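Structure first, commentary second.
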Amino acid sequence: MIDFELSDEHRILEQTVRDWGAREVAPRIRDLDREHRFDRNVLPQMARLGLLGVSVPAQYGGAGMDYISLGVVSEELEYVDTSLRVIMSVHAGLNCLTLLTWGTEDQKQRYLVPQAQGQQIATYGLTEPSAGSDVRGIQTVAVKKGERYLLTGEKMWISLADVADNFLVFAWTDLEKKKQRDTSGLSAFIVERAFKGFSSGTLTHKWGILAGNTGFFKMDEVEVPAENLVGRPGEGFKIAMFALDQGRFTVAAGATGLIRACRDASVKYASERRAFGVEIAQHQLVKEMIAQMESDYQAARLLWLRSGWLKNRGRRNTRETGLAKWFATVASERAAGDAVQIHGANGYSDEYPVGRFYRNCKGAVIYEGTREIHKLMQADYVLGLRTDRPTRCELPPAGGSNDDPR
Ligand SMILES: Cc1cc2nc3c(=O)[nH]c(=O)nc-3n(C[C@H](O)[C@H](O)[C@H](O)COP(=O)(O)OP(=O)(O)OC[C@H]3O[C@@H](n4cnc5c(N)ncnc54)[C@H](O)[C@@H]3O)c2cc1C
């Protein structure tokens, strides 16, 4: 049976996040963006609303809601500003859900519980100065020494790098496989900011998501206890890709919220601004841009909802989530460009929000798989050149039981 209705629980969550964003963040976002300032105060507020562990089960400190809820939150947050949704992507999506799925009970107790409660903030460190799309090109190494690993390397373009307490880090544990670029030599670790040899900084030359924190971190023989290895040695690549299935879902839903924000700002402006004796909304070419935003919004929403529905049922969704992310982010770039166009010269200043939307949308066309990487993946699925193989650990279905009738 297909059901297109959100549940009452989803609707209440949607309205709660919408009200909070409009009340607490929207009035200040232009100034935060202008000042390139990440406001740490949003974190305890988001924690109080249960957003930082929204789809983590209650037994691990979360709100115990389903994955559609994670999408609902992401869409509403990015409607206000991309920087808010990025918190959900790296903390809740990429990190917490990975620990939930691949972490040991001890790791869940030590890291997932405080993270889901919002007492600790977490992020994901894969990208390095010399390697983004090409994961095999990373240089960070982890050398086993007794009951510890010594991690050395640098991660770049990391969201919340200068804010987070805990980092899911990917490094080569097999140096022979590193030479051969064999991904079965990669492993995943939980690294704490407090570990000796860890340092971080903020990227100050960034031109989008200015109210967010993006930075780098360096590890100089950081001693990581062996019990902080996530999964088994050599499972790092699988874990990195698994995490992206959850991160991309939040990016897809978030970009959908950005399209809606572009649509709403454009409708308002087009109904007020006059040219040639009528509101510009009367001009067909302006209508065309607004119609495109509406169709993109509706299609993007259906795509992330399908992906969330699959997650709720414990079904593999790498292909569907990738499509949702690719479609929504490219469409958000189109929507933001047209929203600026509809605002004319006013769109070219930060007096109106659409300029911020335009700067913010581009990041998501680059991170969590660039537009080109997603295009290639989707082509390969259709051509039969790519299939998703089962992994040792799969995201638990919503509510903890698999109700997939297949
Ligand atoms: C705001 C922001 C936040 C980020 N946050 C994080 C984070 O929290 N954690 C993290 O690990 N990373 C993060 N990233 C990094 C992001 O994931 C990478 O930038 C992304 O994976 C692309 O890598 P790259 O920048 O090295 O580009 P490259 O991989 O060097 O790609 C450059 C260009 O070449 C194209 N290209 C590359 N390979 C191919 C190919 N095979 N076929 C066709 N085209 C190709 C790409 O599509 C792109 O257009 C963030 C980036 C940004 C901008």
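Results, tabulated for the structure shown:
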| read-out | value |
| --- | --- |
| Which listed residue is of a type outside the set (Ser, Thr, Tyr), open to solvent by less than 20 Å² (accessible area, probe 1.4 Å) and within 11 Å of the ligand (Cβ to nearest atom), from ALA188, ALA211, ALA243 | ALA243 |
| Members of the stretch 80-101 that are surrounded by fewer than 22 Cβ atoms within 10 Å (Cβ to Cβ) and within 18 Å of ALA226 (Cα to Cα) | none |
| Criterion: at pLDDT 95 or above, out of contact with any Ser or Thr (no Cβ under 8 Å at 6 or more places or on another chain) and assigned to a loop (DSSP other than H, G, I, E, B) - qualifying residue of ARG316, ARG306 | ARG316 |
| Members of the stretch 51-79 found to be open to solvent by 20 Å² or more (accessible area, probe 1.4 Å) and closer than 29 Å to PHE4 by Cβ, listed by number | PRO57, ALA58, ALA63, GLY64, MET65, ASP66, TYR79 |
| Residue match in the stretch 287-301 (condition: under 18 Å from the mean Cα position of the chain (by Cα), hydroxyl-bearing (Ser, Thr, Tyr) and over 28 Å from TRP207 (Cβ atoms)) | no |
| Single match in ILE366, ILE342, ILE373 (criterion: of a type in the set (Val, Ile, Thr), open to solvent by 50 Å² or more (accessible area, probe 1.4 Å) and within 30 Å of ILE290 (Cβ to Cβ)) | ILE366 |
| Only listed residue being open to solvent by less than 30 Å² (accessible area, probe 1.4 Å) and either among the aromatic types (Phe, Trp, Tyr) or in contact with a Cys (Cβ under 8 Å, 6 or more places away or on another chain) (or both), chosen from TRP309, TRP304 | TRP304 |
| Sole residue being assigned to a helix (DSSP H, G or I) and crowded, with 17+ Cβ neighbours inside 10 Å, chosen from ASP19, ASP33, ASP39 | ASP33 |
| Yes/no for LEU285 being open to solvent by 40 Å² or more (accessible area, probe 1.4 Å) and aliphatic (A, V, I, L, M) | yes |
| Considering residues of the stretch 215-237 that are under 21 Å from the mean Cα position of the chain (by Cα) and open to solvent by 20 Å² or more (accessible area, probe 1.4 Å) only, the residue farthest from the ligand (Cβ to nearest atom) | PHE237 |
| The stretch 134-167: number of residues that are under 16 Å from SER187 (Cβ atoms) and within 9 Å of the ligand (Cβ to nearest atom) | 2 |
| Hits in the stretch 112-146 - residues which are buried (at least 18 other Cβ atoms within 10 Å of the Cβ), in a loop (DSSP other than H, G, I, E, B) and out of contact with any strand residue (DSSP E or B) (no Cβ under 8 Å at 6 or more places or on another chain) | GLY118 |
| Members of the stretch 208-226 found to be of a type outside the set (Val, Ile, Thr) and out of contact with any helix residue (DSSP H, G or I) (no Cβ under 6 Å at 6 or more places or on another chain), listed by number | ASN213, GLY215, PHE216, PHE217, LYS218, MET219, ASP220, GLU221, GLU223, PRO225, ALA226 |
| Identity of the residue in the stretch 345-363, closer than 19 Å to ALA328 by Cα and aromatic (Phe, Trp, Tyr), that ends up surrounded by the fewest Cβ atoms within 10 Å (Cβ to Cβ) | TYR358 |
| The stretch 49-91: number of residues that are within 11 Å of the chain's Cα centre (by Cα) and part of a loop (DSSP other than H, G, I, E, B) | 0 |
| Pair list, Cβ under 6 Å, 6 or more apart: the stretch 112-127 residue in contact (Cβ under 8 Å) with a residue 12 or more places away in the chain and closer than 22 Å to LEU186 by Cβ, other residue more than 6 Å from the ligand (Cβ to nearest atom) and assigned to a loop (DSSP other than H, G, I, E, B) | ALA122/ALA164; THR123/LEU160; THR123/ALA164 |
| Odd one out for ALA131 among (1) under 14 Å from GLY247 (Cβ atoms); (2) within 9 Å of the ligand (Cβ to nearest atom); (3) of a type in the set (A, V, I, L, M, F, W, C) | (1) |
| Flag if ALA336 is more than 21 Å from ARG11 (Cβ to Cβ), open to solvent by less than 10 Å² (accessible area, probe 1.4 Å) and assigned to a helix (DSSP H, G or I) | yes |
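The values are calculated or read from the model by the stated rules, or taken from the named source; none is laboratory data. The model shown is predicted, which means the values in this text are computed figures rather than measured ones. Counting neighbours? That spans all protein chains shown, and the Cβs are built from the backbone with ideal geometry, glycine included. Side chains are part of the model used for accessible areas, which takes the heavy atoms of the whole protein and leaves out ligands, DNA and RNA. Shrake-Rupley method; radii C 1.70, N 1.55, O 1.52, S 1.80 Å.
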